[in-house]
Every structure is written in C-alpha cells, then in structure tokens.
Amino acid sequence: MGNHSRSRSARRDLATVTITCVRDGHAHAVPDVQIAGPQADGRGRYVALCGHVVTAAPMIDPEGAPCPLCSRS
Ligand SMILES: [Zn+2]
C-alpha cells in the first residue's frame with residue numbers, strides 16, 4: 001500500500017531578519033527562528049550571526065548601517 005506519509009521538510013536555508021541594534025547602531029542579521037523561538041526572551045534581545053547581542057531599536061528609528069560581520073557570512 002502506498003501510504004504516503006507527509007515528510008516535514010526542515011528548512012535548511014537560514015532565514016534572517018535585519019534588526020538594528022540601539023547599542024552600536026548597526027543593522028545585524030538575526031536568524032528569524034529566534035524571533036518566535038524559545039530563545040526569545042520577550043525583551044527584544046537577539047543574537048546576531050556575528051555573535052553580537054542585538055538590542056532591537058524601535059521601529060521608528062532609521063535602519064543602521066549593515067553590520068560588516070553579519071553581511072560577510
Ligand atoms: Zn552583526
């Protein structure tokens with residue numbers, strides 16, 4: 001019997017969200033799994049690809065200059 005079980009394909013491509021940090025003014029690339037994932041502490045702090053702990057800037061702030069370390073990876 002061909003009982004096709006639906007295989008959940010785990011996304012391998014790392015989706016990132018650009019978040020500007022108020023501390024250094026750079027726009028860092030944060031894996032979007034952190035936004036809704038268990039790592040999210042609800043305080044708007046995320047760990048960017050470069051390892052920087054991003055303190056998210058208010059949306060009203062203009063986006064900062066792209067982080068050179070994040071954009072390199
Ligand atoms: Zn960065």
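The values are calculated or read from the model by the stated rules, or taken from the named source; none is laboratory data. On a predicted model such as this, the values are computed, not experimentally measured, just so you know. Reconstructed Cβ throughout: ideal geometry from the backbone, glycine too, with neighbour counts over all protein chains shown. Surface areas here come from the heavy atoms of the whole protein model, side chains and all, with no ligands, DNA or RNA. Shrake-Rupley method; radii C 1.70, N 1.55, O 1.52, S 1.80 Å.
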Contour minus Cα-Cα distance for R45 and M59 (0.36 nm per residue) = 3.6 nm
task = Taking 7 Å along the Cα-to-C-beta vector as the label spot, tell me the R23-I35 distance in nanometres, rounded to one decimal.
result = 2.1
note = Measure of exposure for R45: accessible area at 1.4 Å probe, Å² rounded to 10, is 100
